[in-house]
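No value in this document is a laboratory result; all are computed from the given coordinates. Treat the numbers as computed from the prediction; the structure is a model and nothing was measured. A quick note on method: Cβ atoms are made from the backbone with ideal geometry, for glycine too, and the neighbour counts reach across all protein chains shown.
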Amino acid sequence: MKKICIVLALFTMFLFIGCGSDEDESDPVTDTTDTAADTDSDSGDSLPEAPDTSDSGDPADDTETSDDADSSDDSETPDETGSEDRDEIQDEDETQDEGGNENKDEDEVQDDTETPDDTETPDDTEDPAYDADSSNDDDDIAANPCEGVSCGNGGVCSAENGSAVCNCPDGFYDKNTACTAITSQKPGWIGVQWPFTISASVGETDFNTLTVFGRIYVEGVTGCPLSNHPQQSSWKAQLGYKQGTGSAEYPIVAGTWTWINAGFNEAFTCDDGNQNHEYMASFPATEAGNFIYIFRFSLDNGATWWYADKGKGPDNSDLPRPDFITSETNHPGKATIN
């Protein structure tokens, strides 16, 4: 019996101790509730009193407490999750940066592939142009108006203004791109009378220095006095010149010369006893250089021409005399303009 009493006493003590422990654990809840009540009362709101849970020793209180702890743990979890999210976002940003860098590198590669040297390739694009030019040259050769033209009688064909022209030797003229004999009136004599040489400065206009005289003889037509042998309206005379120091070509290629109309000298008096007509033209001292000059005459208003040199050799000897140009051995006048 004594043992039973001892056991009951111990059980009562354990029970008392256990109840006191529950009251201690419930105090924080009571304090929290009182605090919330104080807070609500401070705000001026009238709220019902919270039920007293201090006497509850139900294990559900412990469960709720643990839930609060779990809630606090969950509240910390978003911080960790947010940190992870930020890390992932940063990783994505870095990935995007790397991608951007990769795209940038691709752009740079594209820039490298689109360099002007690669796209323009002047050497490659110009070569076909040169080939085209070469083909154009071939076309020009094929389109040469002198292609297949045979002037005959020693004539030389030249292209003038896109047309074939036959330059014919003495006594022939171009007729339908063929050198044909002149059957109209022929001068008995023509030549460059004076001077044989000219020396002048650029811009000089002195008549006695620059005037070149040419003469023509036709039996029964020319002579003095001029009242009895007037100027012929169908006759023409021209001074021709071009750069050079040697002989004129033969036959004369008229297109390579510059021609100046010569005027009739009405003051000519035939005082040397020769029955000629005289024409004169001023040599142009407009540019510096060495030049040669000749005369030509036409008796049919320019349809046919006869060419003449000064006839004096380089030593200004009396022979040969001025005459027709009939070969590559000829003596044009010489002009030096400084």
Near the amide H of K310, under 5 Å away, which other amide H atoms are found, from residues 5 or more places off or on another chain, if H is placed in the peptide plane?
V192, H331, G333
Whose amide H sits under 5 Å from the amide H of W189, counting only residues 5 or more places off or on another chain, with H placed in the peptide plane?
Y217
Kindly write out, for the stretch 322-331 in residue order, the coupling ³J(HN,Hα) from the Karplus curve 6.51 cos²θ - 1.76 cosθ + 1.60 (θ = phi - 60°), rounded to whole Hz, with x marking Gly and Pro.
x, 6, 4, 8, 10, 7, 6, 8, 8, 10
Please work out how much length the chain gains when fully extended from D300 to S317, using 0.36 nm per residue of separation minus the C-alpha to C-alpha distance, in nm with one decimal.
2.8 nm
Given H placed on each backbone N at 1.01 Å, which residues far from T211 in sequence or on other chains put an amide H within less than 5 Å of it?
F283
Per-residue Cβ contact counts at 10 Å, fewest first, order V253, V212, V165 as V253, V165, V212
To the nearest 20 debye, the stretch 224-297 has a Cα-centred charge dipole, built from +1 on Lys and Arg Cβ and -1 on Asp and Glu Cβ, of 260 debye
Work out from phi, with θ = phi - 60° and the Karplus expression 6.51 cos²θ - 1.76 cosθ + 1.60, the ³J(HN,Hα) of each residue of the stretch 287-301, listed in order in whole Hz, and give x for Gly and Pro.
8, 6, x, 9, 9, 10, 9, 9, 10, 9, 10, 10, 9, 10, 6
By count of other Cβ within 10 Å, fewest leading, how are F207, F268, F297 ordered?
F207, F268, F297
I need the calculated FRET efficiency for the pair A288 and E328, taking r as the beta carbon distance and R₀ as 35 Å, to the nearest 0.05.
0.80
With θ taken as phi - 60° and the coefficients 6.51, -1.76 and 1.60, list the Karplus ³J(HN,Hα) couplings across the stretch 205-219 in order, rounded to whole Hz; mark glycine and proline as x.
10, 4, 4, 5, 7, 9, 6, 10, 10, x, 10, 9, 10, 10, 4
Using Cβ contacts closer than 10 Å as the measure, can you line up K186, K310 from fewest to most?
K186, K310
